[in-house]
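> Below is one structure. I have some questions about it.
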C-alpha cells in the first residue's frame, strides 16, 4: 500500500509523462548517463524521515497497547471456555461464545481502523518529505549530467529496473544533500524501519466450539 502511495506521489511531484518522454528520447542516445534512485528508501533514510516516522510510531503506541489489551482479554475468555466448557451448561457456554465472538469482531474493526489510519498518516509524511526532496533530486540529476533517472523502489517486474550496478545509484548522496539542506540532525538512536511497523496486536485464535 505504501509503495503505491510513493509511486502516485512521484507521479505528482515529477510528472511521469515527462519521465516517459525522457526514456523514449534518450534510450538510444550515445553517451546517455543513466542513474537510479530508491526514492522510498531516500525518504525513510533521511534525518527528517527517521525523526517523523519515529514520532508517528510513538503516536500510535497507545493504540497498540489498547489492541494488545483487547487481544489478551479475548484470549483469557477463550482459555476460560476451553477449560470450563465441560462444567458449563448450554446456556452459559453459548453466552460465553457469543461474548468472545462479539469482542473479536470489535478487535478486528479496531485493528483495521488503526492500520488504515497509520498507513494514511505515514503516506502523508512520505508525501511531505518527497515534495521537499524533489528539488534536491533534480539538482543532483542536473549537476552531475544525468539524462535519465529510474526509481528502484519497487523490484522488477513491478518496477522498471531489472538490474543496476551500485555505481549508478544516487540514493545516498541525495539523502546526504537533503540532510544538509534540511539542517535536521540525525536521531540519537537507530529506530526500526517504519515500513515494518504495524499498529495492531496479533489476531486472537478462533474460539473452540467443542
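> Given 111, 139, which one is touching a helix residue (DSSP H, G or I) at 6+ places or on another chain (Cβ under 9 Å), at pLDDT 95 or above, assigned to a helix (DSSP H, G or I) and under 30 Å from residue 93 (Cα atoms)?
Step by step, each of 111, 139 is checked, and only 111 is touching a helix residue (DSSP H, G or I) at 6+ places or on another chain (Cβ under 9 Å), at pLDDT 95 or above, assigned to a helix (DSSP H, G or I) and under 30 Å from residue 93 (Cα atoms).
> Which residues, counting only those in the stretch 7-48, are at pLDDT 50 or above, in a helix (DSSP H, G or I) and either touching a strand residue (DSSP E or B) at 6+ places or on another chain (Cβ under 6 Å) or within 17 Å of residue 170 (Cβ to Cβ) (or both)?
Passing the criteria: 10, 13, 14, 39, 40, 41, 42, 43, 44, 45.
> Right, something else. Residues in the stretch 118-127 that are touching a helix residue (DSSP H, G or I) at 6+ places or on another chain (Cβ under 8 Å) and without any contact (Cβ under 8 Å) to a residue 40 or more places away in the chain: how many?
0
> Could you grab me the full set of residues in the stretch 78-97 that are touching a residue at least 40 places away in the same chain (Cβ under 8 Å) and surrounded by 13 or more Cβ atoms within 10 Å (Cβ to Cβ)?
78, 81, 85, 97
> Restricting attention to the stretch 37-46, does a residue exist that is free of Cβ contacts under 8 Å to residues at least 24 places away in the same chain and surrounded by 12 or more Cβ atoms within 10 Å (Cβ to Cβ)?
Scanning the stretch 37-46, I find no residue that is free of Cβ contacts under 8 Å to residues at least 24 places away in the same chain and surrounded by 12 or more Cβ atoms within 10 Å (Cβ to Cβ), so the answer is no.
> Could you check how many residues of the stretch 160-196 are buried (at least 16 other Cβ atoms within 10 Å of the Cβ) and either modelled with pLDDT under 80 or part of a loop (DSSP other than H, G, I, E, B) (or both)?
4
> Give me the residue from the stretch 98-110 that is more than 26 Å from the chain's Cα centre (by Cα) and without any contact (Cβ under 8 Å) to a residue 24 or more places away in the chain and, out of that set, surrounded by the most Cβ atoms within 10 Å (Cβ to Cβ).
99
> What number of residues within the stretch 129-171 are under 27 Å from residue 54 (Cβ atoms) and touching a residue at least 24 places away in the same chain (Cβ under 8 Å)?
Residues in the stretch 129-171 being under 27 Å from residue 54 (Cβ atoms) and touching a residue at least 24 places away in the same chain (Cβ under 8 Å): 16 in total.
> Which one of 135, 62 is within 21 Å of residue 173 (Cα to Cα) and loosely packed, with under 13 Cβ neighbours inside 10 Å?
When all the criteria are applied, what remains is 135.
The values are calculated or read from the model by the stated rules, or taken from the named source; none is laboratory data. Keep in mind that what you see is a predicted model, and the values were worked out from it rather than measured. Please note: Cβ atoms are built from the backbone with ideal geometry, for glycine as well, and neighbour counts cover all protein chains shown.
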